[in-house]
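Take a look at the structure below.
The values are calculated or read from the model by the stated rules, or taken from the named source; none is laboratory data. None of these values were measured; they are calculated from a predicted model. Neighbour counts are summed over all protein chains in view; Cβ atoms, including those assigned to glycine, are modelled from backbone coordinates with ideal geometry. Just the protein is used for accessible areas: all its heavy atoms, side chains included, with ligands, DNA and RNA removed. Shrake-Rupley method; radii C 1.70, N 1.55, O 1.52, S 1.80 Å.
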Amino acid sequence: QVRLIESGGGLVQAGGSLRLSCAASGRTFSSYGMGWFRQAPGKEREFVAAISWSGGTTNYADSVKGRFTISRDNAKNTVYLQMTSLKPEDTAVYSCAADFAGIARVTEREYEYWGQGTQVTVSS
């Protein structure tokens, strides 16, 4: 069983920054691939970013490339999403997910465990 808890969401003005954190339980966190996804009201959940178990491989959605950075600290069992130059269209509930294969997957259905999510609201 893996438990994922997100934090760091909030209200920010357009152009601002936020850093999301996802703390994971379990001694094998360092072997998981981790991903961030988001779901805006009335829309499907979409991929944002992913990172491999070692941090050596990352993937990003085109809409966030150059603005968001995913990273991880395996000693702290935590994955981060640094978000800069935020836009109103980034408003969504952001959730982290864990994948036992350890790679930076971009497909939602390939993740085994999910957190509850944290709300990010970007005002114009």
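Split the accessible area of the chain by element, probe 1.4 Å, and carbon with sulfur accounts for 46%.
Summarising the label geometry, the points placed 7 Å from Cα in the beta-carbon direction at F100 and K76 lie 2.8 nm from one another. Anisotropy class assigned to the chain is prolate, per the alpha carbon gyration tensor with a/c at or over the 1.5 cut-off and a/b larger than b/c. Taking all protein chains into account, the per residue accessible area for region 5-65 stands at 52 Å² (1.4 Å probe). Just how far, in whole angstrom, is region 69-117 from region 1-43 if you go by their alpha carbon centroids? Here the answer is 5 Å between Cα centres. Once all protein chains are placed together, K43 keeps about 130 Å² accessible to a 1.4 angstrom probe. With Cα atoms as the point set, region 4-44 shows a radius of gyration and Dmax of 13.5, 38 Å. Each Lys or Arg adds one and each Asp or Glu takes one away; over the other residues whose Cβ falls under 11 Å from the Cβ of G55, this sums to 0.
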